[in-house]
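This report refers to the structure that appears directly beneath it.
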Amino acid sequence: MRIELEKVIPTDTQVLNLFEQLKRRVHSISHENLPTYEEHKLFVTENPYRAWFIVKKGKEILGNVYVQNDNSVGLNNLDNVETAVIKEILKVLRYKLEPLSPIPSVRYKDFHLNVSVSNVKLQNKLKKIGYKVSQISFIHE
């Protein structure tokens, strides 16, 4: 299995690809409504992440992964891939990018993953490869 993480630059093709992924997303943490293509394009162009990658297996686009400055990682559209593929994605990510140094009460020493509470499939896959639940976040409705 050859997993590639293609850095989001962004090109027009990447913007479109990420929008198509966003339209198919079932689980979301940060938004409830789909943005317009122009809103999405502006977001991708401004790229608020430390690093952002489109995940590919050969020529197939699986999803995308981002890393924020607090060492949190988001896995998008990857809940239907095999557990071994998730493990490989995280391995390749670690090879490409090291976590930032810890800052007490600000940044954990290692990568940690943000997963929607509704994404039980991905939670179970992460548990199978050695991750554990460390925090549950609550928001006001």
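The values are calculated or read from the model by the stated rules, or taken from the named source; none is laboratory data. Just so it is clear, the structure is predicted and the values come from calculations on it, not from any experiment. Positions of Cβ are generated from backbone atoms using ideal geometry, with glycine treated the same way; all protein chains shown enter the neighbour counts. The accessibility values were calculated without ligands, DNA or RNA, using every heavy atom of the protein model including side chains. Shrake-Rupley method; radii C 1.70, N 1.55, O 1.52, S 1.80 Å.
Brief remarks on what is shown
- Failed item in (1) touching an Asp or Glu at 6+ places or on another chain (Cβ under 6 Å); (2) assigned to a strand (DSSP E or B); (3) not acidic (Asp, Glu), with Leu122 passing the rest: (2)
- For the range 91-99, the count of residues that are touching a helix residue (DSSP H, G or I) at 6+ places or on another chain (Cβ under 9 Å), more than 22 Å from Thr11 (Cα to Cα) and aromatic (Phe, Trp, Tyr) is zero.
- Any chance Tyr49 is among the aromatic types (Phe, Trp, Tyr), surrounded by 14 or more Cβ atoms within 10 Å (Cβ to Cβ) and in a loop (DSSP other than H, G, I, E, B): yes
- Test: residue in the range 101-110 that is in a loop (DSSP other than H, G, I, E, B), more than 19 Å from Arg2 (Cβ to Cβ) and hydrophobic (A, V, I, L, M, F, W, C): yes
- Applying the condition of being of a type in the set (Asp, Glu) and more than 17 Å from Val120 (Cα to Cα) to the range 58-93 and asking which residue is least open to solvent (accessible area, probe 1.4 Å) yields Glu88.
- Residue match in the range 31-42 (condition: assigned to a loop (DSSP other than H, G, I, E, B), among the β-branched types (Val, Ile, Thr) and more than 13 Å from the chain's Cα centre (by Cα)): yes
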